[in-house]
1. Within 10 Å, count the other beta carbons around each residue, average over each peptide in 41-54, 231-244, and list them highest first.
2. I'd like the distance between the alpha-carbon centres of region 74-94 and region 189-210, rounded to an integer number of Å.
3. Provide the gained length on full extension for the span Lys141 to Arg5, in nm with one decimal, where the gain is 0.36 nm per separating residue minus the Cα-Cα distance.
4. Distance cut-off 31 Å, Cα to Cα: go down the list Lys66/Lys289; Lys80/Lys167; Lys66/Lys313; Lys64/Lys363 and report the pairs above it.
5. Fully extended, how many nm does the chain gain between Asp30 and Asp273 (0.36 nm per residue separation, minus their Cα-Cα distance)?
6. Among Asn350, Pro317, Ile303, flag the residue with its Cα farthest along the positive direction of the charge dipole of region 290-354, charges on Cβ as +1 for Lys/Arg and -1 for Asp/Glu.
7. For Gly309, what residues show an amide H to amide H distance below 5 Å, using hydrogens built from the backbone and excluding near sequence neighbours?
8. Tell me which residues come under 5 Å, amide H to amide H, from Ile267 once H is placed; ignore anything under 5 positions away on its chain.
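Read-outs throughout are calculated quantities, based only on the coordinates presented, and are distinct from any laboratory measurement. This is a predicted model, so every value here is computed, not measured. Don't worry about glycine lacking a Cβ; one is built from the backbone with ideal geometry, like all the others, and counts go over all protein chains shown.
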Amino acid sequence: MNKIRIAYVINNLTVGGAEKLLLNTIQVLDQSQFEIHVIPLLSPLTLLDQFVTTGAMVHPINMKNKRDCTCLFKLIHYFKKNKIEIVHTHLTEADFWGRLSAILAGIPIILATEHSIEPWKIKPETWKAKLRILSEKLLVKHSCGILAVSEAVRTSLIEQIHFPKSKVHIQYNGILFPDELPQEIQYRDHIAIGFLGRLCQPKRIDRLFLAFSLAQKQLPTLQLKLAGSGPLLTNLQIQADALNLNQHITFLGHIDNINNFFQSIDILIFTSDREGIPLAMLEAMYFSKPIISTTVGGIPEVIRSGTEGILTKTMEPESIANAIVKLSQSSTLRINMGKSARERVINHFNLSTRVKELECFYKSLITDNQT
């Protein structure tokens with residue numbers, strides 16, 4: 001049987017949720033049935049070696065900037081030369097350039113994954129945003145569909161951006177369960193709150209700092225550990241200093257061993273303005289960590305407030321601080337929520353199961369195209 005040739009087009013290969021999800025998906029995808037090509041458009045290419053190790057063929061386009069339209073010719077040439085049958089894109093620039101070039105190259109099956117809904121898509125106020133939405137609708141019209149990582153994302157695409165319902169499908173995120181099993185749950189006298197992710201504006205770590213500052217006044221030994229890097233690092237260090245929290249906040253930078261990180265914290269927290277389904281949240285749940293989060297995106301589809309963690313209905317720092325204090329003061333609550341979190345992620349967010357579903361979807365599209 002001939003392999004199905006699929007090209008994944010993505011913005012870059014930096015360390016982020018979408019990039020990690022694609023990497024893990026390729027690791028699970030049945031390469032006896034699929035020939036996998038990965039095409040990053042821009043730098044950085046931090047995860048390049050890891051993608052190459054999967055056996056996928058990686059072909060960086062090296063765009064000079066996000067508007068470098070020469071990528072169209074490079075992508076069209078690559079798709080035709082390698083007889084690509086499916087083009088599947090991830091993230092904004094890849095969604096535009098990848099799908100447009102696939103349409104021009106005559107690729108029969110074109111898909112995009114929507115990881116979260118950016119505000120400009122819901123309320124396109126500038127002419128530039130309106131033009132992008134118009135181009136998005138045209139691209140969807142000439143594509144097979146969009147895979148939304150949660151029901152919340154799917155609903156936004158249909159009801160707020162008015163994409164055809166028949167073209168928007170749910171493909172929930174999932175994680176690969178580590179070979180190394182989590183150690184027995186250990187809770188310390190000094191509670192440590194953790195954040196794992198990119199230090200960027202949508203994560204609203206400034207809001208987290210304000211909430212942590214309020215909680216720390218009630219719990220003086222409380223600690224906050226931030227794992228990740230990003231453009232707001234310097235600003236956040238300045239804010240921590242202004243709030244007199246330097247001795248209570250640790251900036252860990254990029255981490256390679258998430259096991260060690262999760263063993264060092266008691267609670268994982270998200271104070272984001274928008275999310276799809278964060279992989280860091282699923283990973284924390286596997287390590288039996290309860291979650292505190294704002295009720296954004298697909299998070300309420302994963303976390304049942306009071307069962308796997310606490311969801312705050314408002315984004316006010318006071319509400320988040322109250323959740324931190326409540327969970328920090330009760331080891332019984334943390335243990336019970338942690339156990340529920342681990343059970344839920346194992347039963348519902350196993351990436352191996354999700355990839356099998358994706359493989360079936362790809363095959364059904366190939367079959368439909370051949371009839």
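1. Details: 41-54: 16.3, 231-244: 13.9.
Ranking, from highest mean packing down: 41-54, 231-244.
2. That distance is 36 Å.
3. Values: separation 136, 0.36 × 136 = 48.96 nm, distance 2.27 nm.
That pair, Lys141 and Arg5, stretches by 46.7 nm at full extension.
4. Details: Lys66/Lys289 38 Å; Lys80/Lys167 25 Å; Lys66/Lys313 36 Å; Lys64/Lys363 35 Å.
Violating the 31 Å limit, Cα to Cα: Lys66/Lys289; Lys66/Lys313; Lys64/Lys363.
5. Details: separation 243, 0.36 × 243 = 87.48 nm, distance 3.57 nm.
Stretched out fully, the Asp30 to Asp273 stretch lengthens by 83.9 nm.
6. Ranked along the dipole, the leading option is Asn350.
7. Those lying under 5 Å, H to H, from Gly309 are Ile291, Arg304.
8. Placed amide hydrogens put Ala192, Gly194 under 5 Å from Ile267.
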